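The values are calculated or read from the model by the stated rules, or taken from the named source; none is laboratory data. The structure displayed is predicted, hence computed values, not measured ones. Neighbour counts run over all protein chains shown; Cβ positions are idealised from the backbone, glycine included. The accessibility values were calculated without ligands, DNA or RNA, using every heavy atom of the protein model including side chains. Shrake-Rupley method; radii C 1.70, N 1.55, O 1.52, S 1.80 Å.
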Amino acid sequence: MKVFVGITGASGVIYGVKVLELLRRAGVEIHLSITKTAERVLRLETDYDPAYVKSLAHHFWDEGDMAAPPASGSFGIDAVAVVPCSTKTLAAIANGFTTNLITRAAEVGLKERRRVVLVVRESPLSLVHIRNMELATLAGAIVMPAAPGFYTRPRDIDELVTTFAGRVLDALGIKHSFTPRWGGQARA
């Protein structure tokens, strides 16, 4: 399976890193693009080096490279995840406005009827955000606000982020056992 991951400049880049780590463990071929703003946010919010994040991918593409293979439907990406998805990127995807390789890969995913998962990270949401989420959903995207669940009673931030990242893999259609499943009762 080939998955394109776009990391944009919203808060919550740690979700994107964890999704990459889990995809790597799952044996998925990863194509990655990171916006310049996302690299700045990565440095502000985490101790991860951008070189490490890029090393998780099998192929790294510059956000401005509109001739990169993931920009074409004939390349055969199976799924697209934008984690996190800034509201600027959401607006571009929802309205078919290609601004970089990430929005183009999502546009290709939608037109080819492939899974496109947008992990929107913003709060509170304006009506514009909500309408853009609606448009993206109507176009075929799966919109997942970065709202982690607490039913697993996470012990720390990493466990919380990992559980949410596992849900992203679920939405991408990737079978895994990296995260706990709801079984009717919380951990004691």
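Here are a few things to note about the model shown:
- Size of charge dipole - the chain - debye, nearest 20, with Cβ of Lys, Arg +1 and Asp, Glu -1, no other charges: 440
- Sulfur and carbon atoms: percent of accessible area, the chain [1.4 Å]: 53
- Lys/Arg +1, Asp/Glu -1 at C-beta; the chain dipole; positive extreme among I130, G173, G16: G173
- Here's the list of lysines a cross-link from K54 could span, going by alpha-carbon distance under 24 Å and ignoring same-chain residues fewer than 8 apart: K2, K18, K36, K88, K175.
- Span-like helix criteria (full DSSP H runs; alpha carbon extent of at least 27 Å along the helix axis; mean Kyte-Doolittle hydropathy of at least -1.0) are satisfied in the chain by no helix.
- For the stretch 98-188, applying the loop criterion from DSSP together with a ceiling of 13 other beta carbons within 10 Å to the trypsin sites (Lys or Arg not before Pro) yields R113, R155, K175, R181, R187.
- Cβ crowding within 10 Å averaged over residues, with 29-38, 90-99, 51-60 ranked highest first: 29-38, 90-99, 51-60
- Each of R113 and L125 was given a label point 7 Å from its Cα along the Cα-to-Cβ line. The distance between the two points is 2.7 nm.
- Per residue, the convex hull spanned by the Cα atoms of the stretch 111-168 amounts to 92 cubic angstrom.
- The mean sequence distance of close C-alpha pairs (under 8 Å, at least 6 residues apart), as a share of the length of the chain, puts its relative contact order at 23 percent.
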